[in-house]
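What follows is a single structure, written as structure tokens, with notes after it.
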């Protein structure tokens, strides 16, 4: 591990002696990180997070577990916020399609507020095939859709649940809907058409936690 920090930040951080620390000014730190990564006076070089596989999440899930599946949710702010809610409600893991999800970058990490390192995140090539595997592992797959006739509370009940959420606007793709066991909606008022996907995830996770 290596670290760069301003003199004031280094004094506050109190780095362990084994960390190679270089004192730098703010301008130097800005050149070390992508433009979207807030450094607040400290930049730390660490090893990348270990790759997580879907079967690892499924095998480590308990008898009562929730898995979150995102269908082409690409906004890093939303994914970060979803990770934060997932950590808060003890989600077994997050599953996204590799080509249609944001990288584990600064925006996701900041929005997740520490949850990026706590929630296992599996990236898959084919989401429909992944949903098949999730179903075979005993999870009841519920796709959230505004046009569904069933409320989420009615669709819940299984001890192992996979909540599937689509991108804002398009929602779940037809092929993703076909690989769900049930479609359900959140019972919101007519005052708004829909919720932000990260807010919908938080509400759905709370509902699953008390079902």
### Query
Mind checking the angle between helix 127-136 and the chain's longest principal axis? C-alpha axes, 0 to 90 degrees, to the nearest 10.
70 degrees
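Could you tell me the relative contact order of the chain? Use alpha-carbon pairs under 8 Å, at least six residues apart, and round to a whole percent. Walk me through the numbers on the way to the answer.
Numbers: 381 pairs, mean separation 41.9, N = 211.
Dividing the mean separation by the residue count of the chain yields 20 percent.
Can you tell me the relative contact order of segment 2-45? Whole percent, Cα pairs under 8 Å, sequence separation 6 or more.
52 percent
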### Summary
One checks the Cα atoms of segment 152-199 and finds Rg and Dmax, in Å, of 11.8, 33
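Under the 0.36 nm per residue contour assumption, what length would be gained going from the current alpha-carbon distance of residue 129 and residue 89 to full extension? Mind showing how you got there, number by number?
Details: separation 40, 0.36 × 40 = 14.40 nm, distance 2.59 nm.
Once the chain is fully extended between residue 129 and residue 89, it gains 11.8 nm.
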### Query
Once both labels are modelled 7 Å past Cα along the beta-carbon direction, what's the residue 118-residue 194 spacing in nm?
2.9 nm
### Query
Going by a ≥ b ≥ c, the root eigenvalues of the Cα gyration tensor, does the chain fall in the rounded group (a/c under 1.5), the prolate group (a/b larger than b/c) or the oblate group?
prolate
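With each run of n ≥ 4 DSSP H residues scored as -39500 (n - 2.57), what mean residue ellipticity at 222 nm is computed for the chain after dividing by its residue count and rounding to the nearest 500 deg cm²/dmol?
Helices in the chain give a 222 nm mean residue ellipticity of -9500 deg cm²/dmol.
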### Query
If we sort 22-32, 74-84, 130-140 on the protection proxy, mean other Cβ atoms within 10 Å, highest first, what's the order?
74-84, 130-140, 22-32
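Could you sort the peptides 160-170, 115-125 by per-residue average Cβ neighbour count (10 Å cutoff), highest mean leading?
160-170, 115-125
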### Task
Would you mind checking the tilt of helix 76-88 against the longest principal axis of the Cα atoms of the chain, expressed as 0 to 90 degrees and rounded to 10?
80 degrees
### Query
Mean shadow of segment 2-45, computed from the convex hull of its alpha carbons, in nm²?
2.8 nm²
### Query
What's the FRET efficiency of residue 45 with residue 136 using the Cβ-Cβ distance as r and R₀ = 45 Å, to the nearest 0.05?
0.65
### Task
For residue 173, put the label point 7 Å out on the Cα→Cβ axis and report which residues of segment 114-149 keep their amide N under 20 Å from it.
122-136, 141-147
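So in segment 2-45, what percent of DSSP beta bridges are antiparallel if you round to the nearest 5? Walk me through the intermediate numbers first.
Details: 4 of 8 bridges.
That works out to approximately 50 percent antiparallel.
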### Query
Full extension from residue 64 to residue 33: what is 0.36 nm times the residue separation minus their Cα-Cα distance, to one decimal in nm?
7.1 nm
### Query
If r is the Cβ-Cβ distance from residue 151 to residue 77 and R0 is 25 Å, what FRET efficiency results, to the nearest 0.05?
0.35
## Note on the structure
Taking Cα atoms only, helix 197-210 is inclined relative to the longest principal axis of the chain by an angle, in degrees rounded to 10, of 70 degrees
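A short reminder: the numbers here are calculations on the coordinates, not readings from a lab. Treat the numbers as computed from the prediction; the structure is a model and nothing was measured. Glycine gets a Cβ as well: all are built from the backbone with ideal geometry, and neighbour counts include every protein chain shown.
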